[in-house]
Amino acid sequence: MILFSRSFQLFSLNLAAVVWPSWLTGSSLWLHLATVILFALGLFLTLRRVGQGERAHSQALERLIPFGRTFFAVPLLLFGLQHFVFLNEVKDAVPSWMPWHIFWTCLVGAALIAASLSIVTGIEAGLAALLTGTMLFLFVLMIYMPNLILHPHDPLAIEGPCRDLALSGGALALAGTLGMSGGKRTGKKLAVGWLVHVGRWFFAVPMVYFGVEHFLHPEFAPGVPLQVPMPPWLPMPLIWAYAMGAVLVVGGICILANKGARPAATWLGVAFLLLVVFIYVPMGIVHPSIEISGELDNVAEKLAMSGAALFVTGAIARKSKHAMNPL
């Protein structure tokens, strides 16, 4: 109790030291405002869809599944806007052998923004999810893998492609789910069923890797271990690191083995959401930053992981339903 009280006092002092005008100037205001507006819109549309009869889930935790769209779409909007706010920085990530770096940077930014709006509103959401998953997988092949080959011992060179591969898996799982929902013929449902398998594997493999990293490097903030230091005000930091590591390893293995995959994916979604609420949002309040890999970026990344996990849960649930009754 004393440890928790001291941690809360440290957090309060850091919060009081924040330069609040930085939230209200330049692109910081617009990025925060855009994410808050889309998050509110997503919650409203989700609650309305559920109220209009979208499939209810019997288990309490699985009631979060419909909110996966909002959790995934809001980060896509932020990442897309960053392509324009930090144009000169983002364009340097375009492979050197590709021409027109600014063109590709703006095109990807616009595509991410369009995909976020499509997924959250449900307008051509299946197509948007498929294209988003494909694009993220291309990032892994064209950007991250060459860098990994050049720097095989750099932890960040490994974690980057794992992150995008997991998000690609979530998007492909959603595409498969919506394809099975919308298909009127069994053949069409079976034709998109492979997306669920691919999405499940793309998502689960990085989870196991991230989980192992939590045990090897518990000094980093939990979730996606990108060498972000554990916040000093967090009580019992080792427990957070090891607990999240265990959830990631067990959850990833269960999804890969298809044994208890549905509850495992659900718990992964809940775990990432808890990290957002109790660790990354407070970190963003104490040290507000909209830079690439800044605090707002870290919040969005973990929220997107929560959405991807819930997409996998929904895909497994939908596939199980059709396996029992393919018509």
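Coordinate-derived values only; no laboratory data. Owing to the predicted nature of the structure, the values given are computational and were not obtained by experimental measurement. Glycine gets a Cβ as well: all are built from the backbone with ideal geometry, and neighbour counts include every protein chain shown.
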- Return 124, 213, 219 ranked ascending by Cβ neighbour count within 10 Å, so the fewest neighbours appear first. 219, 124, 213
- Task: For the range 210-327, state the average projected area of the convex hull of the C-alpha atoms over all orientations, rounded to one decimal in nm².
- Result: 7.9 nm²
- Hydrodynamic radius of the range 28-324 per Kirkwood, over alpha carbon pairs, in Å: 19.2 Å
- Using the count of nearby Cβ atoms within 10 Å as a rough guide to exposure, how do 277, 196 rank from fewest to most? 277, 196
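Rg to Rh ratio, the range 81-177, alpha-carbon atoms and Kirkwood radius? Write out the running numbers ahead of the final one.
Working: Rg = 14.1 Å, Rh = 14.2 Å.
That ratio is 1.00, to two decimals.
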- Message: Given 20 °C and 1.002 mPa s, compute D for the range 192-238 with the Stokes-Einstein relation, Rh being the Kirkwood radius over Cα pairs; round to the nearest whole µm²/s.
- Response: 175 µm²/s
- Note on the structure: Assertion target for 259, 302, 91, ordered by fewest C-beta neighbours within 10 angstrom first, is 259, 91, 302
